[in-house]
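A quick write-up on the structure given underneath.
The values are calculated or read from the model by the stated rules, or taken from the named source; none is laboratory data. As the structure is a computational prediction, the values presented were derived from the model and not from experiment. Cβ: placed from backbone, ideal geometry, glycine included. Neighbour counts: every protein chain shown.
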Amino acid sequence: MGFPAGKTTAEKIAEKNGIKFYRINSDKFKTTRVDLYFVDNLERERASGNALIPALLKRGCAKYPKVTDLERKLEELYGADIDGGVLKKGENQLIGFHMSHISDNFTSGNEKLFDECSELLMCILKNPMLEGDGFKKSLFKKEWDNLIDYIRSRINNKMRFSLLRCIEEMCANEPFAIADEGSEKDAMLLNPQNTLALYNEMLHSYPLYVYITGPVDDSSIQKLIDDFSAIERGNIKPLKPTGVEKTVKDVKRVDESMDINQGKLCLGFRTNVQPSSPDYYPLVVYNSILGGDTHSKLFQNVREKASLAYYAQSILEKYKGLMVIMSGIEAENRSKAEEIILKQVEDMRKGNITQEEIKASINALETGIKSMQDSQGAIVDFYMSQHLTNLTDDFESTIENFKKVTMDDVVRVAQNVQLDTIYFLKPDGRKAEEGNV
């Protein structure tokens, strides 16, 4: 099937038993890819178990019970790849799997790689390695250890750790405080039996999105749809909406100490903008002007002019309506850095913005959106985000929406941005260990 040259679109091709199938139309790629996203409500009692499931499944299946067997089969399929993991979008947790291989059009013979790879993917999904009434014990122990090690390793990346802690404090008693892979405490409660029960719940009741990218013939796509449709699925779990709107009564301040050289300052804000709101596009432009790139107010005023920060940037959490400003500073510069950062936010609220800043931000956003279309994974993530929030914009209309943003739009959304939490990870006075900065 031929696709419109240079245009990337997503076409819904089927929906059955709580499974939505989409075909990504693009003429850019010589590889074919299938992405699956099981979606659950982000809740503490299942987050770590959901995170463990893809790690267990991608290690093999009944037909290929050893990792070496699976790797050998993937090599036979021209170096095909199957992987999985979890992420959160707002207060939803996504359990993802992807399969990719060279397109059938570029093999030496008449191989049906898509069909073979799809069969392997279904084996991994439907026939995991079991032992008694649970997952195979030796496999479970290894992947459980890996999950615990990963959760514990979060502290090693201090910038990332400070962001996670800021969000935990800011969203205390809200599902969004839960990390993508859950917590060590909850992971410790997992065993082969309750993890298998959670896997069965995922397979049979979680809403599922399936994306097919790259050249594939219609009959192979239909076979894949039929294979998924054959999975016995009952009551599909309803997804709860992510709570976005919240009025801040008092700004929360949290200071923590650690054996580090460089302080990490995070300021968390509520934007009160839903991802489906018309104000979302002005908010993204607002964030870009404030701290999205080297042209931004934070970069220019905090890092370049005042030389107070090693880095200073702002990021948006689209689905939860949050904005977090992050900076790495010397501890003695904390008050001055905080003052200058908050001045940039206030300047945005007052409309102290130039047309040049708006233009530079929109240009940067346009470049970023265009570059996303060079990656199959980024394309799928874009459309999954759109479908999860019931939005219909494609790449081209998204760019056009950014180009329509005016100065008044940016100043309007600036009025609703409220400081919620200030988190500071500071040196504790001991000599920092090498690599902890």
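Listing for the model above:
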item: Search result, residues across the range 209-223 that are surrounded by fewer than 22 Cβ atoms within 10 Å (Cβ to Cβ) and either among the aliphatic types (A, V, I, L, M) or assigned to a helix (DSSP H, G or I) (or both); result: Val210, Asp218, Ser219, Ser220, Ile221, Gln222, Lys223
item: Of all residues in the range 364-392 being surrounded by 15 or more Cβ atoms within 10 Å (Cβ to Cβ) and over 18 Å from the mean Cα position of the chain (by Cα), the one that is farthest from Gln313 (Cα to Cα); result: Glu366
item: Residue within the range 164-183 that is over 17 Å from the mean Cα position of the chain (by Cα), closer than 17 Å to Lys126 by Cα and not in a helix (DSSP H, G or I) present; result: no
item: Index of the failed condition, Leu70 passing every other in (1) hydrophobic (A, V, I, L, M, F, W, C); (2) surrounded by 17 or more Cβ atoms within 10 Å (Cβ to Cβ); (3) more than 15 Å from Arg33 (Cα to Cα); (4) modelled with pLDDT of 95 or more; result: (4)
item: Among the residues listed as Thr195, Thr242, the single one being buried (at least 17 other Cβ atoms within 10 Å of the Cβ), assigned to a helix (DSSP H, G or I) and of a type in the set (Ser, Thr, Tyr); result: Thr195
item: Among (1) basic (Lys, Arg); (2) modelled with pLDDT under 95; (3) assigned to a strand (DSSP E or B) - the single one Arg253 does not satisfy; result: (2)
item: Residues of the range 96-148 satisfying the condition of being β-branched (Val, Ile, Thr) and more than 18 Å from Leu189 (Cβ to Cβ); result: Ile102, Thr107, Ile124
item: Test: Asn287 is buried (at least 20 other Cβ atoms within 10 Å of the Cβ) and either closer than 21 Å to Met170 by Cβ or in contact (Cβ under 8 Å) with a residue 12 or more places away in the chain (or both); result: yes
item: Index of the failed condition, Phe299 passing every other in (1) assigned to a strand (DSSP E or B); (2) more than 22 Å from the chain's Cα centre (by Cα); result: (1)
item: Tally, over the range 5-24, of residues that are aromatic (Phe, Trp, Tyr) and either surrounded by fewer than 20 Cβ atoms within 10 Å (Cβ to Cβ) or not in a strand (DSSP E or B) (or both); result: 0
item: Residue within the range 146-164 that is touching a residue at least 12 places away in the same chain (Cβ under 8 Å) and among the acidic types (Asp, Glu) present; result: no
item: Residues of the range 374-426 that turn out to be under 23 Å from Val34 (Cβ atoms), of a type in the set (D, E, K, R) and in contact with a strand residue (DSSP E or B) (Cβ under 6 Å, 6 or more places away or on another chain), as a count; result: 1
item: Residue match in the range 332-350 (condition: assigned to a loop (DSSP other than H, G, I, E, B) and modelled with pLDDT under 95); result: no
item: Where a residue in the range 45-74 is among the polar types (S, T, N, Q) and its partner, wherever it lies, is assigned to a loop (DSSP other than H, G, I, E, B), with Cβ under 6 Å and at least six apart; result: Ser48/Gly182
item: Verdict on Asp27 being crowded, with 20+ Cβ neighbours inside 10 Å and either assigned to a loop (DSSP other than H, G, I, E, B) or at pLDDT 95 or above (or both); result: no
item: Residue pairs meeting the criteria (Cβ under 7 Å; at least 6 apart or on separate chains; first at negative phi, in the range 179-196; second of a type in the set (S, T, N, Q) and assigned to a helix (DSSP H, G or I)); result: Glu181/Ser48; Ser183/Ser48; Asp186/Ser48; Ala187/Ser48; Leu190/Ser48
item: Residue that is nearest to the chain's Cα centre (by Cα) [pool: residues in the range 393-407 that are in a loop (DSSP other than H, G, I, E, B) and not charged (D, E, K, R)]; result: Val405
item: Check on Leu52, in a helix (DSSP H, G or I) and under 21 Å from Lys89 (Cβ atoms); result: yes
item: Residue among Asp27, Asp69 that alone is within 30 Å of Ile148 (Cβ to Cβ) and either acidic (Asp, Glu) or outside the structural domain of Leu120 (by TED's automatic domain parsing) (or both); result: Asp69
item: Selection count where residues are surrounded by fewer than 20 Cβ atoms within 10 Å (Cβ to Cβ) and aliphatic (A, V, I, L, M), scope the range 54-67; result: 2
item: Condition met for Asp186 (more than 30 Å from Ala14 (Cα to Cα) and not in a loop (DSSP other than H, G, I, E, B)); result: yes
item: In the range 120-166, the residues that are charged (D, E, K, R) and either outside the structural domain of Ala80 (by TED's automatic domain parsing) or in contact with an Asp or Glu (Cβ under 8 Å, 6 or more places away or on another chain) (or both); result: Lys137, Arg152, Arg165
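Residue by residue, here is whether (1) touching a helix residue (DSSP H, G or I) at 6+ places or on another chain (Cβ under 9 Å); (2) in a strand (DSSP E or B); (3) modelled with pLDDT under 95 holds:
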residue	(1), (2), (3)
Gln93	yes, yes, no
Ser108	no, no, yes
Asp115	yes, no, yes
Asn146	yes, no, no
